[in-house]
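Please read the structure below before turning to the comments.
The values are calculated or read from the model by the stated rules, or taken from the named source; none is laboratory data. Keep in mind that this is a model prediction, so the values were computed, not measured. Here the Cβ positions follow ideal geometry from the backbone for every residue, glycine too, while neighbour counts run over all protein chains shown.
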Amino acid sequence: MITKYFDEIEIGETIVSRGRTLTETDVVLFCMFTGNWFQLHSDVEYVKKTKWGERLVQGTLVFAIAHGLLPTIEPGTVIAFYGVDKLRFLSPVKIGDTVHVERTVIEKEEKGSDGGVVTLEFKVKNQRDEVVQISHQKLLVSKKK
């Protein structure tokens with residue numbers, strides 16, 4: 001998510017991730033690991049009667065996968081995950097959809113002499129370039145020593 005030190009990061013920097021197609025296996029394993037067997041994710045017959053007509057991928061699964069799509073954190077740059085604000089699930093993600101992330105630095109705030117908080121806007125987009133999920137995520141990032 002962050003490959004630079006606090007003092008090297010510029011507001012407005014944007015990174016676009018690679019894509020990843022969400023599969024049946026992803027959904028079933030996530031149901032199993034979390035115990036979230038909500039019918040929209042796990043019951044083919046039930047979901048046929050809904051406005052979507054097919055099973056949806058859990059929003060929390062999309063959130064988790066989005067983090068794995070971004071570059072690996074450079075050792076020593078990120079001190080801690082600081083939180084998430086304004087998380088919204090804007091459109092359903094279906095099995096077979098391919099998502100990618102557009103991450104933009106929107107704010108920096110000094111936090112002592114060792115680093116600062118970087119606020120990132122995360123936009124998860126599908127294969128049609130529609131924003132399906134958005135959030136503001138904060139990381140505590142080290143200054144270069």
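Quick look at the values:
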{"item": "Meets criteria (surrounded by fewer than 16 Cβ atoms within 10 Å (Cβ to Cβ), touching a residue at least 24 places away in the same chain (Cβ under 8 Å) and within 26 Å of ARG128 (Cα to Cα)) for GLY83", "result": "no"}
{"item": "Residues of the range 35-66 that turn out to be in contact with a strand residue (DSSP E or B) (Cβ under 8 Å, 6 or more places away or on another chain) and not in a loop (DSSP other than H, G, I, E, B), as a count", "result": "9"}
{"item": "Pick from the range 67-80, criterion surrounded by fewer than 17 Cβ atoms within 10 Å (Cβ to Cβ) and not in a strand (DSSP E or B), ranking: nearest to the chain's Cα centre (by Cα)", "result": "HIS67"}
{"item": "In the range 5-33, the residues that are buried (at least 18 other Cβ atoms within 10 Å of the Cβ) and either part of a loop (DSSP other than H, G, I, E, B) or on the phi > 0 side of the Ramachandran plot (or both)", "result": "TYR5, ILE9, SER17, LEU22"}
{"item": "The lone exception for TRP37 - which of (1) of a type outside the set (Lys, Arg); (2) under 25 Å from GLN127 (Cα atoms); (3) in contact with a helix residue (DSSP H, G or I) (Cβ under 7 Å, 6 or more places away or on another chain); (4) surrounded by fewer than 17 Cβ atoms within 10 Å (Cβ to Cβ) it fails", "result": "(2)"}
{"item": "Residue count for the range 86-129, restricted to those that are part of a strand (DSSP E or B) and surrounded by fewer than 18 Cβ atoms within 10 Å (Cβ to Cβ)", "result": "15"}
{"item": "Which numbered condition LEU61 fails, given (1) modelled with pLDDT of 95 or more; (2) within 30 Å of LYS144 (Cβ to Cβ); (3) under 12 Å from the mean Cα position of the chain (by Cα)", "result": "(2)"}
{"item": "Residue within the range 48-61 that is surrounded by 12 or more Cβ atoms within 10 Å (Cβ to Cβ) and under 18 Å from ILE15 (Cβ atoms) present", "result": "no"}
{"item": "Which listed residue is closer than 28 Å to LYS138 by Cβ and not aliphatic (A, V, I, L, M), from PHE33, PHE38", "result": "PHE33"}
{"item": "LEU70 being in contact with a helix residue (DSSP H, G or I) (Cβ under 8 Å, 6 or more places away or on another chain) and under 23 Å from LYS138 (Cβ atoms)", "result": "no"}
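Yes/no per residue for (1) more than 21 Å from ASP26 (Cα to Cα); (2) modelled with pLDDT of 95 or more; (3) of a type in the set (Ser, Thr, Tyr):
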position: LEU69; (1), (2), (3): no, no, no
position: THR77; (1), (2), (3): yes, no, yes
position: TYR82; (1), (2), (3): yes, no, yes
position: LYS86; (1), (2), (3): yes, yes, no
position: SER91; (1), (2), (3): no, yes, yes
position: HIS100; (1), (2), (3): no, yes, no
position: ILE106; (1), (2), (3): yes, yes, no
position: VAL118; (1), (2), (3): yes, yes, no
position: GLN127; (1), (2), (3): no, yes, no
